[in-house]
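Beneath this line is the structure, given in structure tokens, with notes to follow.
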Amino acid sequence: MKIAAVQFCPIFGEVEANKAKIENYCTSIEADIIVFPELAFTGYDFLNKEEVRKYAVDFKSDLIQHFQNISTKTDKIFVIGFAESDTDKLYNSAAILCPNSNYSDVYRKVHLFYKERFCFDQTDKGYFVIDYKEKNLKLGTLICYDWRFPEATRTVAIKGADVVVCPSNLVTKVWHISTPSRALENKVYFVVANRIGTENRNGVDLEFNGGSAIYSYNGSAMQIAAKDGEEVIISEIFPEETRKKSFNEINDIFADRRPELYM
Ligand code: ACM
């Protein structure tokens, strides 16, 4: 099975242009799972909830269902960050679109970064894993700043994830220090699709740092993209190899946990 992370520059507010670019990647990349950045249809730096509401769409909207149809036609899984509206709520979400739509779902970012809390609502939905039996794949999703909380990766790993994907709009570079550890300590693949480019809203520049990455379950980097430049990184992965959590005849990284002694 192959997994791809797409690093590109969504243009703020240009939904049609961003959609066309994403669609082109969805149809042209030869991979079973294709991960896009956070808020890939709209851009990132919203000023307030009123502005998000102009762009936010429902998971059942034509926009998301269009990509659901492409997923089914091409037999590829897509994970795409988008601004989601659900009745009166607004979420920073990722659509996880599976060829068999019964597995498709939406993840809502749990840890809102910086001024996102003025633009999006907090979710109580939490972490889940898609157990895609026909593909022998257990897929967990985080979004961007979630990387900073080891509990997030641990939770999807304990729920059975083999592969953790993380659509991102990262503005720092320090995450490269910790994400390989998340992969190693949970024995999961960890895949970050980060965006590039600079957004200028109200005269303030926000620069994104690329460096999209695919880490193997032993923490080693399989692919790292450049800091800038549009790029697709692709690796072959073997999800079932992550499931045996022992590393010698006595120790098992999950069975050895002592949660009664943790905060
Ligand atoms: C981030 O969570 N977009 C840094």
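The values are calculated or read from the model by the stated rules, or taken from the named source; none is laboratory data. Note that the structure is a prediction, hence the values are computed from the model and not measured. Cβ coordinates were reconstructed from backbone atoms using ideal geometry, including for glycine residues, and neighbour counts include every protein chain displayed.
How many residues does the stretch 245-262 hold that are surrounded by fewer than 10 Cβ atoms within 10 Å (Cβ to Cβ) and charged (D, E, K, R)? Even if it seems obvious, please write down each step before you answer.
Step one: of the stretch 245-262, the residues surrounded by fewer than 10 Cβ atoms within 10 Å (Cβ to Cβ) are 248-250, 255, 258-262.
Applying the additional criterion that residues be charged (D, E, K, R) yields 249, 258, 260.
So the count comes out to 3.
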Pick from the stretch 11-44 the residues that are aromatic (Phe, Trp, Tyr) and either assigned to a strand (DSSP E or B) or within 16 Å of the ligand (Cβ to nearest atom) (or both): which of them is nearest to the chain's Cα centre (by Cα)? 36
Restricting to the stretch 202-216, what's the tally of residues that are surrounded by 15 or more Cβ atoms within 10 Å (Cβ to Cβ), assigned to a strand (DSSP E or B) and not hydrophobic (A, V, I, L, M, F, W, C)? 2
Just give me the residues in the stretch 135-152 being in a helix (DSSP H, G or I), away from the ligand (no atom under 11 Å from the Cβ) and in contact with a helix residue (DSSP H, G or I) (Cβ under 9 Å, 6 or more places away or on another chain), in sequence order. 135, 150, 152
Odd one out for residue 210, checked against (1) over 18 Å from the mean Cα position of the chain (by Cα); (2) touching a residue at least 24 places away in the same chain (Cβ under 8 Å): (1)
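What are the residues in the stretch 45-59 that are among the charged types (D, E, K, R) and either within 16 Å of the ligand (Cβ to nearest atom) or outside any helix (DSSP H, G or I) (or both), if any?
Narrowing the stretch 45-59 to residues among the charged types (D, E, K, R): 45, 49-51, 53-54, 58.
Within the stretch 45-59, 45, 58 meet the criteria.
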Anything in the stretch 60-119 that is within 14 Å of the ligand (Cβ to nearest atom), surrounded by 14 or more Cβ atoms within 10 Å (Cβ to Cβ) and assigned to a helix (DSSP H, G or I)? List them, or say none. 116
Taking the conditions exactly as written (part of a loop (DSSP other than H, G, I, E, B), surrounded by 14 or more Cβ atoms within 10 Å (Cβ to Cβ) and small (Gly, Ala, Ser)), does residue 229 satisfy them or not? no
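Give the number of residues within the stretch 155-171 that are more than 9 Å from the ligand (Cβ to nearest atom) and part of a loop (DSSP other than H, G, I, E, B).
So the answer is 4.
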Of the residues 156, 191, 232, which is under 26 Å from residue 30 (Cβ atoms), under 14 Å from the mean Cα position of the chain (by Cα) and at pLDDT 95 or above? 191
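Of the residues 246, 220, which is of a type outside the set (Val, Ile, Thr) and under 20 Å from residue 148 (Cα atoms)? Working first, answer last.
Working: 246 fails: under 20 Å from residue 148 (Cα atoms).
Going through 246, 220 in turn, the sole match is 220.
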Take the residues of the stretch 120-134 that are in contact (Cβ under 8 Å) with a residue 24 or more places away in the chain and not in a loop (DSSP other than H, G, I, E, B): which is farthest from residue 48 (Cα to Cα)? 134
Checking residue 174 against (1) surrounded by fewer than 21 Cβ atoms within 10 Å (Cβ to Cβ); (2) closer than 21 Å to residue 40 by Cα; (3) within 12 Å of the ligand (Cβ to nearest atom); (4) modelled with pLDDT of 95 or more, the condition it does not meet: (2)
